[in-house]
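> Just passing along the structure, written as structure tokens.
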Amino acid sequence: MQSTQSSRSHLFFYLLLLTTFFIFVEISFFIHSSGFYLEDFKLVSDHLKIPIHKIFPSLAYFLFVQLMLHLLFTMFIWSMASLTSIAVRNSSQKTEKLGLILWIIGIITVLLANQYFYPDSKFALLISSLLPQKIANIALIAMLIILGIAVLFSIAGLMIILMQRKKIVVCGLICVSIAMIGYIQHARVPITIVAANAATSARPNIILIGVDSLRPDFLGYFGDNQRTPAMDDFLNHAAVFSEALTPLARTYPSWVSILTGVYPKKDAVRFNLSESIHFNLKETLPAILRQHGYKTIFATDETRFSNIDQHFGFDKVVTPPIGFNDFLIGTLNDFPFSNLLVNTPLGRYLFPFSYGNRPAFVTYNPDSFLNLLRPVLSEPRHQPLFMAVHFCLPHYPYLWAGRPSNTSSFHNYQNAVYRADQQVADFLRIVKQNKLLEKSIVILLSDHGEALELRGDRITESALFMPSVKNLKRIIPRFYPPTFSKERVNQSAGHGTDVLGLSQYHIVLAFRFFGIPGQRVAVMPGIVSLLDIKPTVLNFLGIVSHKGDGTSLSDVIAGKKVAGLEQPDFFIESDFSPEAVRSVHPETRAVMFAGVKFFQINPETTRLTIRKSMVDLILSSKQYADFHGSWVLALYPQTVHQMMPILVNLKSGEWTNDLRTAFAQQAPAREMLSALKRFYGADITFVRNIENVRLTMSFP
């Protein structure tokens, strides 16, 4: 007996040594496969001045959890070997051999399972380079069978021990029974409370469903070959605005525009992670609704570049943790043991920077974000609800857990849109189960679209170019500096990078009433925007508020006004777009190094924001455009002090970069230039080729 106990003691020590060696192998492989992760991190930290005292606790916790998982694995293998040996009465030497064999089988199983569930994991690439997918799957099944048999023998060994200690077994069963009864009683409470609906026809629930980077032409409703049943069904019963636009095709500025009804130019949120907020937070849509008795909730699965929180008027936010640790730990967390746990109920608490976090795409499970919403939506309600939820799955890199990378960005994006459609369907199902659709206004929207370098992603076809008299060779102008020449004139990529890439600025916008009369089902043309959501909602509720830049669409939705709305000028602008992001395949390190000097970390909150010293440089790189009837006039900076005009007829597709041509004289170019100058002021610098156009305001 003493010999057997000594053998188990030695076995645990041997297994601990093997696991320690495996940890070093994991770290070495991670660093090697992460593009010199530590060197990159050092460079970033030098620029950002990371407050270590704020970052370290979460990082230390993450490392501690990783070590504990490896230790638990060691204890599990040791217990299995020890209990199996009791069942089959192994000798001490055979127990040690069995333990070592089970450890090897366990590690192989973990690596194979990681490769199966997370094909984009760095460690999955290691397995796929050694074994074809089919062979790896067969090997995984074989390993699981072997471990299953070992578990059965372990249970037999455990039963032998328990039979020798009957009193302990009886006490244990009593404790387990009491715990289960308590849990069942606790679990029953929310089910009986959640039945009532606090909304009425006069004060309905207001639910905003946002889908990131969703371009309308990838929905079946708008003619795409791929069916998107949930959103198609929603749109088939909604008031749909087919020509809706966003004023700035980036998530944070777009959502601020939704909540404030104000142009980015006026609220100073003109790029992601903007620090300056020049508007009254008491005048946001959720803040106003909260003053009128609504409970307000915001939920999203991405906060790295869009830091919307309670300050905007929300009682509760359901998001990944905001701050630098989201970038650091969310990226760092790609190890086999943690990957297999991250999407479990336990993983929600062990890995808060990865669970339900879209940017951690290697392990992101779309259902995990919905799991975060379920308890919030089932809470007892005594007030009508305003909820804004934003699904970010169609955002680059268009990948998620279980979805291996495809060489085609088009197909990856298409699949992401289809999977996001399933998320919307599941969300609506949860909302309906909690009786939140009985009296509600639901708004389906996208914060911006996405350009995929498809033909027509920029509305400037080379065959429709109208040159000046001096341009006899019909030389097509460059939209960007000469260093970037991969895109054709009718292509653009990403979002917020090109004001004439209308696939970036064209959005989904539809209103649907549930249990409330007064909404017509129709497709309504005419330029509307995200700015119109706030005044429309307030108008339906009969709430008078400070006027912003948006226009209420309530009369059009209710059928009181048949014709589309006429807005004389609608302004859009681009975000900062260095060459590294103007691509369907942005290289991560290049993007990071291009942008790191623009950011700073708040030493108290650890949130990333744009440096004030860089704001002027970013603004000088922006493009601007004005939509006026069937015309759009865009201004592209060529140098810090000079901009190139591009005038496009939206009906014919004809365009020019010379406002002195006969074609340009047909357009209201003078009014559009003057409107741009009045609105953007000093941001508009000298514009070329406009000598024959008299402006009401001079340019500097």
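> In segment 54-62, is there at least one residue being open to solvent by 30 Å² or more (accessible area, probe 1.4 Å), modelled with pLDDT under 85, out of contact with any Leu (no Cβ under 7 Å at 6 or more places or on another chain) and assigned to a helix (DSSP H, G or I)?
Yes, some residue in segment 54-62 is open to solvent by 30 Å² or more (accessible area, probe 1.4 Å), modelled with pLDDT under 85, out of contact with any Leu (no Cβ under 7 Å at 6 or more places or on another chain) and assigned to a helix (DSSP H, G or I).
> Which pairs turn up if I take residues in segment 98-112 that are in contact (Cβ under 8 Å) with a residue 12 or more places away in the chain and look for partners that are outside any helix (DSSP H, G or I) and not aromatic (F, W, Y) with beta carbon separation below 9 Å, at least 6 apart in sequence or on another chain?
Listed pairs, sorted by first residue: L98/N90; L112/L131.
> Could you please let me know if L67 is at pLDDT 90 or above, more than 30 Å from L328 (Cα to Cα) and under 43 Å from the mean Cα position of the chain (by Cα)?
no
> Say whether the condition of being assigned to a loop (DSSP other than H, G, I, E, B), farther than 27 Å from P253 by Cα and in contact with a Gly (Cβ under 9 Å, 6 or more places away or on another chain) is met by at least one residue in segment 417-437.
Yes, some residue in segment 417-437 is assigned to a loop (DSSP other than H, G, I, E, B), farther than 27 Å from P253 by Cα and in contact with a Gly (Cβ under 9 Å, 6 or more places away or on another chain).
> What do you reckon, is T84 touching a Ser or Thr at 6+ places or on another chain (Cβ under 7 Å) and either under 29 Å from L350 (Cβ atoms) or at pLDDT below 90 (or both)?
Yes: the conditions hold for T84.
> Let me ask something additional. When you go through H411, H390, H382 one by one, which is the residue that is modelled with pLDDT under 95 and either under 24 Å from L208 (Cα atoms) or assigned to a loop (DSSP other than H, G, I, E, B) (or both)?
H382
> Sticking with this one: Do we find that S9 is open to solvent by less than 70 Å² (accessible area, probe 1.4 Å), polar (S, T, N, Q) and either touching a Ser or Thr at 6+ places or on another chain (Cβ under 9 Å) or at pLDDT below 80 (or both) in this structure?
In short, no.
> While we're here: Looking at (1) within 16 Å of the chain's Cα centre (by Cα); (2) in a helix (DSSP H, G or I); (3) touching a residue at least 40 places away in the same chain (Cβ under 8 Å), which is the only condition S368 fails?
If we test S368 against (1) within 16 Å of the chain's Cα centre (by Cα); (2) in a helix (DSSP H, G or I); (3) touching a residue at least 40 places away in the same chain (Cβ under 8 Å), just (3) comes out false.
> Tell me whether segment 294-305 contains one or more residues that are touching a helix residue (DSSP H, G or I) at 6+ places or on another chain (Cβ under 6 Å), closer than 20 Å to I206 by Cα and aromatic (F, W, Y).
no
> Looking at segment 275-287, which of its residues are in contact with a Lys or Arg (Cβ under 9 Å, 6 or more places away or on another chain) and surrounded by fewer than 16 Cβ atoms within 10 Å (Cβ to Cβ)?
Of everything in segment 275-287, those that are in contact with a Lys or Arg (Cβ under 9 Å, 6 or more places away or on another chain) and surrounded by fewer than 16 Cβ atoms within 10 Å (Cβ to Cβ) turn out to be S276, H278.
> Tally time: how many residues in segment 629-661 are open to solvent by 10 Å² or more (accessible area, probe 1.4 Å), farther than 21 Å from E461 by Cβ and touching a residue at least 12 places away in the same chain (Cβ under 8 Å)?
6
> Answer with yes or no whether V269 is crowded, with 22+ Cβ neighbours inside 10 Å and modelled with pLDDT under 95.
yes
> Which one is most open to solvent (accessible area, probe 1.4 Å), of the residues in segment 288-303 that are in contact with a strand residue (DSSP E or B) (Cβ under 8 Å, 6 or more places away or on another chain) and more than 30 Å from Y396 (Cα to Cα)?
R290
> Could you list, in sequence order, the residues of segment 488-523 that are within 30 Å of R290 (Cβ to Cβ) and not in a loop (DSSP other than H, G, I, E, B)?
Result: L509, A510, F511, R512, F513, F514.
> Could you count how many residues in segment 379-417 are open to solvent by 40 Å² or more (accessible area, probe 1.4 Å) and aromatic (F, W, Y)?
Count: 2.
Here is a yes/no grid of residues against (1) more than 26 Å from S28 (Cβ to Cβ); (2) crowded, with 21+ Cβ neighbours inside 10 Å:
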| site | (1), (2) |
| --- | --- |
| T331 | no, no |
| D334 | no, yes |
| N339 | no, yes |
| T344 | yes, no |
| L350 | no, no |
| R374 | yes, no |
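> For residues that are out of contact with any Leu (no Cβ under 8 Å at 6 or more places or on another chain) and either surrounded by fewer than 24 Cβ atoms within 10 Å (Cβ to Cβ) or among the hydrophobic types (A, V, I, L, M, F, W, C) (or both), tally how many sit in segment 246-266.
Total satisfying the criteria: 6.
> Sticking with this structure for a sec: Would you check which residues across segment 642-670 are part of a loop (DSSP other than H, G, I, E, B) and of a type in the set (A, V, I, L, M) and list them?
Residues satisfying the conditions are L650, L659, A667.
The values are calculated or read from the model by the stated rules, or taken from the named source; none is laboratory data. Just so you know, these numbers come straight off a predicted model, no measurement behind them. Heads up, the Cβs are rebuilt from the backbone with ideal geometry, glycines too, and the neighbour counts pull from every protein chain shown. We work out accessible area using only protein heavy atoms, side chains counted, and drop any ligands, DNA or RNA first. Shrake-Rupley method; radii C 1.70, N 1.55, O 1.52, S 1.80 Å.
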